[in-house]
Amino acid sequence: MKLRNTLLASAFIFLSIFVLSAQQQNEKPSIIPQPANISWQGEYYTLPQETTICYNASAEKMVPWLQKLLANTDTETQLSQDGNCEGFSLKIDNEWKSALGEEGYRLNIDDKGVHIESATESGLFYGIQTLRQMFPAAIEKQQIAGEIHLKMVKIEDIPRYGWRGSMLDVARSFFGPEYIKKHIDRMALYKMNRLHLHLTDDQGWRIEIKSKPKLTELGSKGAVINGRAGYLTQDDYKELQSYATARNIIIIPEIDMPGHMYAGLMAYPELNCEEFENLSPKRATPPELYHGYEVGWSKFCTTDPKIYDFVSEVIGELARITTGPWIHMGGDEIEDPRYEEFVVKADSIVRKYGKTTIGWEEVTKAEVDTSMISQRWNGKTEGVVTLKYIESICSSFYLDHANVPGQENTNNWCKADGVSLEDVYMFNEGDERMMGVEAALWTEKVNTSAEADNRFWPRLLAVAEVGWSPKNSRDFTDFSLRLGKQGSRLSNLNIHYFKTPEIDWDVDYQSGVFDGFEVGE
């Protein structure tokens with residue numbers, strides 16, 4: 001009897017191993033965004049206890065990103081400046097640019113190891129991020145003991161759009177360097193490359209301008225009801241740009257004008273008209289701070305020439321500390337007989353300082369230079385110029401709207417039932433002038449980091465895939481399955497994401513890593 005039980009137990013163990021092995025063979029890692037071309041193989045590469053990272057001279061700066069990934073494994077690595085060896089191989093060759101562009105890469109995993117190649121550092125960085133998603137999710141949080149098996153694969157990947165962005169409004173409620181850096185890290189993992197910071201609005205001025213100190217001494221003190229005040233020093237801003245650049249992300253600063261300007265007008269009241277006629281209705285007047293939600297009531301005194309001296313000083317100083325090529329001038333939600341004149345002059349000022357101007361879609365009502373970029377948000381503006389544009393249509397990309405109908409503390413003016421995960425993913429793309437996509441998070445009702453996470457994630461993953469993956473390969477059902485498998489990774493990254501109810505989230509409750517939001521939170 002004892003022998004029979006022993007044989008049965010052995011058979012059960014063997015069968016369990018066989019079933020587990022079969023499941024592992026069929027299991028494909030969740031990769032978001034979906035690569036352009038991917039061919040999974042049937043076998044696995046097992047990370048050895050000791051391995052070599054080989055690289056050519058052009059790839060040297062990317063080696064630390066691979067070392068950082070492997071640091072949470074039992075694998076010990078040594079380096080070799082040689083493009084060919086077993087283990088890990090990183091190569092950059094400019095000749096591949098015709099096939100892979102500025103951001104594309106090839107990733108092959110075979111029985112000899114992991115091989116990533118690209119034409120640029122950006123491409124190699126993105127190849128490493130794809131590899132990262134093939135590792136167990138626990139690697140984001142802790143050391144992984146034991147063997148790690150990587151499914152063999154051949155990937156050749158290149159993005160659909162060059163602009164894959166998110167916008168964070170720090171003007172209504174302030175989010176400082178700590179949160180912005182976390183957001184940059186998360187964006188980079190999913191191959192997003194543009195961070196638009198909405199730095200000024202009626203409620204607050206959030207960037208230090210040394211020639212105009214009152215903008216932060218006074219203008220930074222406000223915030224929406226229950227929001228946070230504060231500002232970025234120029235050192236903060238420079239550090240954020242360096243941090244972002246290392247992760248292939250460019251920061252775009254926005255100074256919203258000629259409207260949404262009360263924080264600046266409060267700090268420098270001489271920019272107002274007599275009797276504050278430029279404030280209508282007078283929801284606040286200097287030296288009062290403004291804490292409300294309403295917009296479209298404040299603007300420069302556009303009949304006064306000295307406003308352009310102010311604009312030139314602010315834009316000039318901002319341009320000198322901005323490493324990216326763009327400055328956003330806002331330009332939305334304003335009625336003024338001199339609006340078009342202002343936009344043309346503001347655009348010329350930005351260009352004078354060597355930057356390209358971006359403006360919300362209303363700027364196309366003015367005869368601006370054709371180098372200007374429009375950012376579409378409501379699709380209702382009848383323009384007089386034809387510009388390249390960034391797609392941020394509110395019905396698909398305004399993440400201040402509810403994840404699900406009825407979610408508390410969300411906006412609903414653009415779409416009453418919210419902007420669902422599927423609304424984002426199923427966006428109907430525009431014409432050849434479209435540079436890419438950008439999802440906006442306005443913070444009238446977003447006051448904490450957890451609330452910001454809840455609005456961004458997981459919808460920003462859908463934005464990432466819309467911006468990167470080929471249109472003909474996108475499938476919401478397949479995306480939903482891959483997204484569910486990202487649950488533990490998002491949790492291990494301490495992202496307080498919204499647990500979208502229709503997604504089958506793969507979350508390790510036993511480890512206690514999940515800290516997402518349930519429906520309605």
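The values are calculated or read from the model by the stated rules, or taken from the named source; none is laboratory data. What you see is a predicted model, and the numbers here were worked out from it, not measured in a lab. Heads up, the Cβs are rebuilt from the backbone with ideal geometry, glycines too, and the neighbour counts pull from every protein chain shown. With ligands, DNA and RNA removed, areas are computed over all heavy atoms of the protein, side chains included. Shrake-Rupley method; radii C 1.70, N 1.55, O 1.52, S 1.80 Å.
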Only one of (1) more than 29 Å from GLN241 (Cα to Cα); (2) open to solvent by less than 10 Å² (accessible area, probe 1.4 Å); (3) not small (Gly, Ala, Ser) is not met by MET329, so which one is it? (1)
Select from the stretch 150-184 the residues that are under 19 Å from TYR231 (Cβ atoms), surrounded by fewer than 19 Cβ atoms within 10 Å (Cβ to Cβ) and among the acidic types (Asp, Glu) and list them in ascending order. GLU178
I'd like to know if the stretch 469-483 contains one or more residues that are open to solvent by less than 10 Å² (accessible area, probe 1.4 Å) and under 15 Å from the mean Cα position of the chain (by Cα). no
Residues of the stretch 380-405 being of a type in the set (A, V, I, L, M), touching an Asp or Glu at 6+ places or on another chain (Cβ under 9 Å), touching a residue at least 60 places away in the same chain (Cβ under 8 Å) and surrounded by 20 or more Cβ atoms within 10 Å (Cβ to Cβ), which ones? ILE390
With the requirement that a residue be at positive phi and in contact with a Gly (Cβ under 8 Å, 6 or more places away or on another chain), what does the stretch 239-271 give you? HIS260
Which residues, taken from the stretch 101-119, are on the phi > 0 side of the Ramachandran plot and open to solvent by 10 Å² or more (accessible area, probe 1.4 Å)? GLY101
Would you check if THR130 is free of Cβ contacts under 8 Å to residues at least 60 places away in the same chain and either among the polar types (S, T, N, Q) or open to solvent by less than 50 Å² (accessible area, probe 1.4 Å) (or both)? no
Mind listing whichever residues of the stretch 406-426 are assigned to a loop (DSSP other than H, G, I, E, B), surrounded by 17 or more Cβ atoms within 10 Å (Cβ to Cβ) and out of contact with any Ser or Thr (no Cβ under 7 Å at 6 or more places or on another chain)? GLN407, THR410, SER420
What number of residues in the stretch 255-271 are open to solvent by 10 Å² or more (accessible area, probe 1.4 Å) and under 33 Å from the mean Cα position of the chain (by Cα)? 1
Tell me, which strands (runs of 3 or more DSSP E) lie completely within the stretch 27-100 with 2 or more residues that are exposed (fewer than 15 other Cβ atoms within 10 Å of the Cβ)? 37-46, 76-80
Can you pull out every residue in the stretch 362-379 that is without any contact (Cβ under 8 Å) to a residue 24 or more places away in the chain and surrounded by 24 or more Cβ atoms within 10 Å (Cβ to Cβ)? SER374
All but one of (1) at pLDDT 95 or above; (2) more than 30 Å from LYS182 (Cβ to Cβ) hold for GLY127; state the number of the condition that does not hold. (2)
Inside the stretch 133-149, the number of residues satisfying the requirement of being open to solvent by 60 Å² or more (accessible area, probe 1.4 Å) and either touching a strand residue (DSSP E or B) at 6+ places or on another chain (Cβ under 9 Å) or closer than 16 Å to ILE32 by Cβ (or both) is 2
Report whether or not GLU95 is in contact with a Pro (Cβ under 7 Å, 6 or more places away or on another chain), at pLDDT 95 or above and among the charged types (D, E, K, R). no
Got a sec? Which helices (runs of 4 or more DSSP H) wholly within the stretch 432-510 have at least 3 residues that are among the hydrophobic types (A, V, I, L, M, F, W, C) and at pLDDT 95 or above? 449-456, 459-468, 476-485
Give the residues of the stretch 272-318 that are open to solvent by 10 Å² or more (accessible area, probe 1.4 Å), under 22 Å from GLU217 (Cα atoms) and either touching a Gly at 6+ places or on another chain (Cβ under 7 Å) or of a type in the set (A, V, I, L, M) (or both), sorted by residue number. ARG283, LEU289, TYR290, HIS291, LYS299
Inspect all residues belonging to the stretch 365-383 and state whether any of them is of a type in the set (D, E, K, R) and part of a helix (DSSP H, G or I). yes
Which residues, taken from the stretch 472-491, are in contact with a Leu (Cβ under 9 Å, 6 or more places away or on another chain) and either of a type in the set (Ser, Thr, Tyr) or without any contact (Cβ under 8 Å) to a residue 12 or more places away in the chain (or both)? SER480
Of everything in the stretch 110-131, what is within 23 Å of the chain's Cα centre (by Cα), within 18 Å of LEU70 (Cα to Cα) and in a loop (DSSP other than H, G, I, E, B)? Give them in sequence order. none
Filter result for the condition that a residue is at pLDDT 95 or above, touching a helix residue (DSSP H, G or I) at 6+ places or on another chain (Cβ under 6 Å) and at positive phi, over GLY354, GLY331: GLY331
